Each structure stands twice: as C-alpha cells, then as structure tokens.
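Participant: Below you'll find the structure I mean.
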Number of protein chains: 2
Amino acid sequence: MKPTTVEERVVVPAREGRAVTVTAGQRVRVVDLEGGQVGDLFAFAAGDPAEHLSASHTRSRTSRLFPAVGEPFLTDRRRPILTLVSDTSPGWHDMLIAACDPARYAALGVRGAHASCAENLHRSLAGLGLTSGVTPQPVNVFMRIPVQESGELRWLPAVSRAGDAITFEAVMDCVVVLSACPQDLVGINGNGPSPLAIDVLSG
Amino acid sequence: MKPTTVEERVVVPAREGRAVTVTAGQRVRVVDLEGGQVGDLFAFAAGDPAEHLSASHTRSRTSRLFPAVGEPFLTDRRRPILTLVSDTSPGWHDMLIAACDPARYAALGVRGAHASCAENLHRSLAGLGLTSGVTPQPVNVFMRIPVQESGELRWLPAVSRAGDAITFEAVMDCVVVLSACPQDLVGINGNGPSPLAIDVLSG
C-alpha cells in the first residue's frame with residue numbers, strides 16, 4: 001500500500017465554506033471533526049467551471065441514489081470528475097436535496113441574514129477568482145435522508161462520529177468546494193453546526 | 001365542476017420536442033397517445049428562462065421523490081411553477097434521471113447522430129427565440145424507475161396506457177417543454193419511441 005501524505009489540511013469553520021484546487025490523482029478527504037455535521041460538497045472542472053459534478057448524471061451512470069465505494073461522480077457532460085474511494089462513516093450521504101439558500105431560510109421563517117451553503121459556495125469560488133452561474137445540486141456528505149418505498153424522504157440527524165471521513169479521488173483537475181452546512185432550523189446537524197476539515201492527500 | 005376547454009393541442013412526434021407558453025392558472029395535460037412512452041418535461045419562468053423547475057428544490061419542499069397530487073414543483077429560486085393536479089396513469093414518474101444527450105448515446109455505443117431530450121429541449125426553446133445555458137434535470141413523466149431500500153434504481157418499461165394523462169397547473173406564467181424521449185437502447189419506452197400530446201386547458 002502506498003504511503004499517504006497529507007499535502008494540505010483546510011479547516012472549514014462551522015457555517016462557512018472553503019475551496020481547494022486538486023489535480024487528477026490527488027484525493028480529497030472530508031473529515032467530520034466533531035461528529036453529526038453535514039457537508040455540502042461541489043466539484044467543478046478546473047479548466048471550465050461551467051462543467052460541474054451533477055447528481056442526476058451520476059445516478060444515470062451508477063443506477064444508485066449515491067455511488068458505492070469505487071464508483072464515479074459524473075459532470076453534467078457525463079465525464080467522471082471524482083471517484084468515491086473510501087468511507088469510514090456509517091455510510092449515510094445524500095444526493096437528493098438542494099443546497100440551502102436565503103429563500104430556504106426565508107421559507108423557514110428566518111427574518112434577516114442566515115448563512116447558507118449556496119452563499120458559501122459562491123463566496124468560496126470568488127476567493128479563487130471564479131464564478132458559476134448556477135448552484136449545482138450538491139453531494140451532501142454525512143446527511144441522513146432515508147427514502148421509504150413510498151417515495152417519502154425523512155430528514156434525520158447525521159450519525160457520523162468525530163473523525164469519520166469520506167474520501168474522493170479526483171479523476172480530472174478540479175476545484176472542490178465544501179460548506180459546513182449552517183442549517184439549524186431543520187435537525188439534520190446533530191448538535192448544531194460544527195466544523196469540518198478537507199485534507200488533500202497524495203501518494 | 002368547471003367545464004374544461006382544450007385551448008390548444010400540440011402533438012409531440014416520436015423522438016421530438018415541443019414547447020408551449022402558458023399563463024398562471026392554465027393547465028397543461030401530457031397525454032401518452034399510444035402508451036408506454038416517457039416524456040421529459042421542463043418548465044421555465046416566462047419572464048426569465050434562467051429560472052427553471054428544479055427537481056432538487058422540489059424534493060426539499062415536498063420530502064418526496066416525486067410530488068403527490070396537489071403538491072408543487074419549485075424552481076431553483078424555490079418559487080412554485082407548476083402544481084400536480086391529476087394523474088390517470090398508474091402513477092410512475094421519475095425525477096432522478098438526467099435528460100438523455102449525445103454523451104449518453106455515445107456511452108451506449110451509438111456512432112453518429114441520435115436524437116436526444118437535451119437537444120429537443122434546446123431546439124424547442126430556440127423555436128420561441130429563447131435560450132438556456134443549462135439543461136435542467138427534467139420531470140420524466142411515465143418513466144418507471146423504482147428505488148429499492150438499498151438505494152439501487154431499476155430501469156423498467158413505462159406502463160402508461162394509451163390515453164393516460166398527467167395534468168399540471170401553471171402557478172406562474174411559464175414555458176413548458178416536452179420531449180418524447182428517443183431512448184431506444186435502454187428499454188424504458190415500452191414498444192420503442194412513440195408520440196405524446198400536450199393539451200393546454202382553461203376553465
């Protein structure tokens with residue numbers, strides 16, 4: 001087994017977002033630092049951020065609600081961008097639910113400002129000098145949305161433990177953005193919003 | 001009960017797409033003319049086609065894989081655009097799978113041209129002088145993609161019968177595009193691609 005080198009650790013503070021740039025073959029490990037925290041993850045082609053990881057194109061390829069270990073995530077142009085390479089968490093991740101945004105919090109009754117994964121995404125991209133005209137449907141790591149046979153979805157607290165991690169390998173050069181979901185009105189984040197970490201791994 | 005008037009019938013030939021413009025309060029009825037045919041349906045705000053029906057925002061609102069009768073479809077700005085008002089089919093519809101496109105057919109081994117729902121969408125919009133920078137995830141009427149508890153999806157032939165119909169009410173002025181899915185390599189269209197109809201209803 002090859003030795004793994006942590007090239008970079010980026011802590012994503014609770015309610016915030018961060019971006020990392022990775023090259024094909026590098027791995028991105030998302031760590032739940034305190035447990036029970038959902039992360040909204042987005043990926044964009046480095047050369048053209050108009051191309052992005054797409055949940056619906058990924059499902060067309062894998063015929064699963066979420067890829068299994070070893071399976072790819074595809075872009076909206078059906079090119080593999082990430083592969084799921086390992087997962088030490090209980091295995092709950094979601095690819096059905098849109099990123100939270102100001103309209104979501106307004107509908108939940110929030111008056112005034114509230115951090116959101118959509119704003120975290122665009123702010124993180126702007127930090128790299130990038131813009132995207134869309135907010136793609138994210139990969140919601142550690143988010144527990146079981147689907148009943150009737151088609152009903154339930155919104156349950158994340159059960160990832162402190163230190164649990166899910167790791168992706170970049171298939172192409174890409175920008176990966178992670179938002180530590182600030183949702184505190186729907187109980188998906190076990191004990192309220194907490195930080196995550198992004199480790200960029202090589203070797 | 002109010003009398004229903006068919007204001008306009010647009011036949012969507014097999015493998016093709018058509019667009020209709022509807023005003024808030026009008027209804028759009030999609031009819032499977034011969035049975036066993038999937039339709040990829042898209043909806044855009046009339047005033048700004050950058051705003052479109054979004055599967056992931058709809059699921060966030062309804063907590064279901066597909067809305068029940070009486071429930072709304074939301075745009076990417078979380079505004080209701082259509083409401084599901086009636087369904088005479090066996091009730092199978094999909095909101096998980098991306099529209100087929102040239103990359104999908106290339107991956108299935110097609111050499112040369114093959115009609116696709118993505119191209120039908122953009123061609124239909126162009127016919128109204130409109131463009132969209134994205135191909136939103138469609139509402140796949142009559143498409144039978146059961147989800148197992150394990151998260152696995154199955155691709156089964158549509159079981160809609162000749163004359164079965166699903167009807168939506170426009171909540172805002174919008175453009176509705178329907179593509180009679182040309183998929184003939186994966187067996188989702190019972191007896192191969194066949195036509196659909198769009199009825200615009202008032203009253």
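The values are calculated or read from the model by the stated rules, or taken from the named source; none is laboratory data. Note that the coordinates shown come from a computational prediction; the quantities given were computed from them, not determined experimentally. Cβ: placed from backbone, ideal geometry, glycine included. Neighbour counts: every protein chain shown. For the accessible areas, the whole protein counts, side chains as well, though only heavy atoms, and no ligand, DNA or RNA atoms are used. Shrake-Rupley method; radii C 1.70, N 1.55, O 1.52, S 1.80 Å.
Participant: Please enumerate the residues belonging to region B:1-29 that are outside any strand (DSSP E or B), open to solvent by 70 Å² or more (accessible area, probe 1.4 Å) and under 20 Å from B:ASN120 (Cα atoms).
Facilitator: Scanning region B:1-29 gives B:ARG15, B:GLU16.
Participant: Considering only region A:30-51, state which residues are in contact with a Lys or Arg (Cβ under 9 Å, 6 or more places away or on another chain) and either at positive phi or surrounded by fewer than 22 Cβ atoms within 10 Å (Cβ to Cβ) (or both).
Facilitator: A:GLY35, A:GLY36, A:ALA45, A:GLU51
Participant: Quick one: is A:ASP101 open to solvent by less than 40 Å² (accessible area, probe 1.4 Å), out of contact with any strand residue (DSSP E or B) (no Cβ under 8 Å at 6 or more places or on another chain) and within 11 Å of another protein chain (Cβ to nearest Cβ)?
Facilitator: Yes.
Participant: Being in a loop (DSSP other than H, G, I, E, B), closer than 14 Å to A:GLY151 by Cα and open to solvent by 20 Å² or more (accessible area, probe 1.4 Å) is the filter; apply it to region B:56-70 and report the residue that is farthest from the other protein chains (Cβ to nearest Cβ).
Facilitator: B:VAL69
Participant: List the strands (runs of 3 or more DSSP E) inside region A:81-199, counting only whole elements, that have at least 1 residues being free of Cβ contacts under 8 Å to residues at least 24 places away in the same chain and under 27 Å from A:ARG61 (Cβ atoms).
Facilitator: none
Participant: Given the condition more than 16 Å from the chain's Cα centre (by Cα) and open to solvent by less than 60 Å² (accessible area, probe 1.4 Å), answer yes or no: does some residue in region B:83-94 qualify?
Facilitator: No, region B:83-94 contains no residue that is more than 16 Å from the chain's Cα centre (by Cα) and open to solvent by less than 60 Å² (accessible area, probe 1.4 Å).
Participant: Say we look at region A:120-135 and pick out the residues that are within 14 Å of chain B (Cβ to nearest Cβ) and within 27 Å of A:SER160 (Cα to Cα); which of these is least open to solvent (accessible area, probe 1.4 Å)?
Facilitator: Among residues in region A:120-135 that are within 14 Å of chain B (Cβ to nearest Cβ) and within 27 Å of A:SER160 (Cα to Cα), the one least open to solvent (accessible area, probe 1.4 Å) is A:LEU121.
Participant: Assuming A:ALA46 fulfils every condition listed in (1) within 12 Å of chain B (Cβ to nearest Cβ); (2) of a type in the set (A, V, I, L, M, F, W, C); (3) more than 16 Å from the chain's Cα centre (by Cα) apart from one, which condition is it?
Facilitator: A:ALA46 satisfies all of (1) within 12 Å of chain B (Cβ to nearest Cβ); (2) of a type in the set (A, V, I, L, M, F, W, C); (3) more than 16 Å from the chain's Cα centre (by Cα) except (1).
Participant: Across region B:72-98, what is the number of residues that are more than 30 Å from B:VAL186 (Cα to Cα) and either charged (D, E, K, R) or within 9 Å of chain A (Cβ to nearest Cβ) (or both)?
Facilitator: Residues meeting the conditions: 3.
Participant: Considering only region B:136-195, state which residues are surrounded by 17 or more Cβ atoms within 10 Å (Cβ to Cβ), within 14 Å of chain A (Cβ to nearest Cβ) and of a type in the set (S, T, N, Q).
Facilitator: Once the filter is applied, which keeps residues that are surrounded by 17 or more Cβ atoms within 10 Å (Cβ to Cβ), within 14 Å of chain A (Cβ to nearest Cβ) and of a type in the set (S, T, N, Q), region B:136-195 yields B:GLN137, B:ASN140, B:GLN183.
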